[in-house]
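The values are calculated or read from the model by the stated rules, or taken from the named source; none is laboratory data. Since this is a predicted model, take the numbers as computed values, not measurements. All Cβ positions, even for glycine, are placed from backbone atoms using ideal geometry, and neighbour counts span all protein chains on display.
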Amino acid sequence: MNSLALHMQKMEANLGLVARSVADFPLEDAALAGWLNLVAEGLTGLSDVALSPYDMHQSDFRALMYLFGNAESPVFPDELSVYLAQTPANVTRIADLLVKRGLVARANSTEDRRRVELRISDSGRQFIIEILPKFFPPLREVFSCFSAADKRKLQQLLCRLVKSMDTVIDP
């Protein structure tokens with residue numbers, strides 16, 4: 001049994017013990033949350049494998065991908081902070097790293113000199129085009145257990161969960 005499956009088995013056993021000791025424990029909900037966390041950890045692990053030769057973390061790569069997708073317009077650090085769900089200080093660290101590597105350019109905004117804008121550089125675009133295909137095989141393999149209909153249904157369910165979370169986290 002691989003480590004994620006073993007982890008899931010231990011998590012379920014532990015939650016069962018907790019449920020026997022704590023009245024009204026939401027066992028199914030806690031198990032679902034645990035499974036989703038485990039899936040997130042697994043997907044992060046896949047990213048880490050692809051990114052480790054480049055000494056890059058997932059948050060750095062996600063920032064670069066956001067800039068790649070928004071190459072036609074400047075991105076402001078506060079916008080990137082919201083997208084990445086990172087603190088402004090961490091976005092500054094990420095931007096500093098990407099600028100230092102020549103993957104991103106930082107400049108004062110032409111509309112408001114007090115604001116800084118970030119843009120992906122030609123080197124950054126080339127980096128994304130080269131590295132992104134390395135994610136495809138493991139991603140396809142991980143999701144190969146689902147049919148196209150399963151994937152659509154999972155996406156719908158996750159979308160519904162995200163909307164529900166928004167009502168609880170930020171009512």
On the basis of being of a type in the set (V, I, T) and touching a helix residue (DSSP H, G or I) at 6+ places or on another chain (Cβ under 8 Å), does T87 make the cut? yes
Taking the range 1-53 and keeping only residues that are in a helix (DSSP H, G or I) and polar (S, T, N, Q), one is left with S3, Q9, N14, S21, N37, T44, S47, S52
Does M11 count as touching a residue at least 40 places away in the same chain (Cβ under 8 Å) and either surrounded by 14 or more Cβ atoms within 10 Å (Cβ to Cβ) or not aromatic (F, W, Y) (or both)? no
Within the range 137-149, can you find the residues that are without any contact (Cβ under 8 Å) to a residue 24 or more places away in the chain, in contact with a helix residue (DSSP H, G or I) (Cβ under 9 Å, 6 or more places away or on another chain) and assigned to a helix (DSSP H, G or I)? F143
Checking the conditions here, which among R101, R93, R152 is surrounded by fewer than 12 Cβ atoms within 10 Å (Cβ to Cβ), over 15 Å from Y66 (Cβ atoms) and of a type in the set (K, R)? R152
Given the options L98, L64, name the one that is modelled with pLDDT of 95 or more, in a helix (DSSP H, G or I), more than 14 Å from the chain's Cα centre (by Cα) and not basic (K, R). L98
